[in-house]
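I have placed the structure first, in the form of structure tokens, so that the comments after it can refer back to it.
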Amino acid sequence: MKKKVLAITMAALMAASLTACGGSAKETTAADTAAAATAEEKAEDTTAAESKDETSAEAAETGAAKDAAGGRLIMATNAEFPPYEYHDGDAVVGIDAEIAKAIADELGMELEIEDIAFDSIIPEIVSGKADMGLAGMTVTEDRMQSVDFSNTYAKASQKIIVTEDSEIASPDDLKGVIVGVQLGTTGDIYVSDLEADGTTVERYNKGFEAVQALSQGKIDAVVIDGEPAKTFVAETQGLKILDESFTDEEYAIAVKKGNTELLEKINGALKTLKDNGTLDEIVAKYIKAE
């Protein structure tokens with residue numbers, strides 16, 4: 001009897017032990033599963049965070065690149081100088097305007113053109129209100145005191161306009177007469193040297209105003225760049241251009257003195273535009289070969 005009771009008791013204890021072991025195994029498996037799920041979720045979160053960080057970094061890098069290449073490029077000019085710059089409705093067009101646009105495109109920037117008085121262009125650049133000046137501007141020692149210049153992008157000459165019946169036949173004949181120029185231009189600078197010889201210089205804000213004064217008999221001659229001279233004479237009866245030039249010169253782009261970064265970018269763009277033929281195409285569009 002005691003043996004039977006003992007056997008039953010032992011069986012009960014073993015059953016309890018097995019039940020306890022079985023429950024522990026199940027609980028451990030569930031805990032392991034939960035832990036694994038949690039670890040997987042954390043891994044996914046970490047991966048997602050890293051992916052997000054990488055995307056943000058790429059976006060920031062792209063944005064920085066755009067900021068470095070983008071922005072506005074402000075060009076100061078005087079749109080009274082055909083075919084280099086003039087008005088077509090509300091737009092400023094011409095050789096310089098197209099060259100500036102091509103440079104801006106090369107630099108990944110947006111061009112903005114400011115039309116101001118010619119003698120205000122350099123002060124605008126010096127003050128930082130404009131990035132560059134394109135206005136058929138010749139490199140001179142005086143101007144180099146205030147601004148830096150790019151490589152040459154065009155060659156030009158100062159021409160003398162007179163009436164068809166004028167006795168003025170060469171630059172030497174300008175001594176002692178009344179000569180009209182556009183204020184602040186190279187013509188103004190060079191003709192001013194003749195004032196010591198008795199030449200009277202009449203200065204006008206716009207080139208066509210000087211030509212108009214000549215046509216009306218108020219002055220004896222006009223000194224102005226060759227291509228605008230051709231345009232003005234073609235549009236005004238009774239005038240002619242002398243064969244002999246007053247001076248020969250080269251055009252360049254003015255930038256703020258010391259702004260070597262922009263100057264190098266502009267020179268690089270000019271070289272590209274010259275090498276791929278864009279500069280010649282722009283000039284040929286406005287100036288026909290004779």
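The values are calculated or read from the model by the stated rules, or taken from the named source; none is laboratory data. None of the values given here were measured: they were computed from a predicted structure. Cβ: placed from backbone, ideal geometry, glycine included. Neighbour counts: every protein chain shown. Protein only, heavy atoms only, side chains kept; ligands, DNA and RNA dropped before computing areas. Shrake-Rupley method; radii C 1.70, N 1.55, O 1.52, S 1.80 Å.
For the reader, a short list of remarks on this structure follows.
- Restricting segment 232-264 to residues that are within 29 Å of the chain's Cα centre (by Cα) and crowded, with 19+ Cβ neighbours inside 10 Å, the residue that is farthest from Q182 (Cα to Cα) is L263.
- Conditions (1) surrounded by fewer than 19 Cβ atoms within 10 Å (Cβ to Cβ); (2) in contact (Cβ under 8 Å) with a residue 40 or more places away in the chain; number of the one not met by E167: (2)
- Number of the condition not met by Y86 [criteria: (1) under 21 Å from T278 (Cα atoms); (2) open to solvent by 20 Å² or more (accessible area, probe 1.4 Å); (3) assigned to a helix (DSSP H, G or I); (4) of a type outside the set (A, V, I, L, M)]: (3)
- Selection count, segment 119-159, where residues are loosely packed, with under 14 Cβ neighbours inside 10 Å, part of a loop (DSSP other than H, G, I, E, B) and at pLDDT below 95: 1
- Search result, residues across segment 199-230 that are open to solvent by 40 Å² or more (accessible area, probe 1.4 Å) and either among the hydroxyl-bearing types (S, T, Y) or at pLDDT 95 or above (or both): T200, E202, R203, Y204, E209, Q212, S215, Q216, G217, K218, D220
- Selection status of K285, under 23 Å from E106 (Cβ atoms) and either of a type in the set (S, T, Y) or more than 19 Å from the chain's Cα centre (by Cα) (or both): yes
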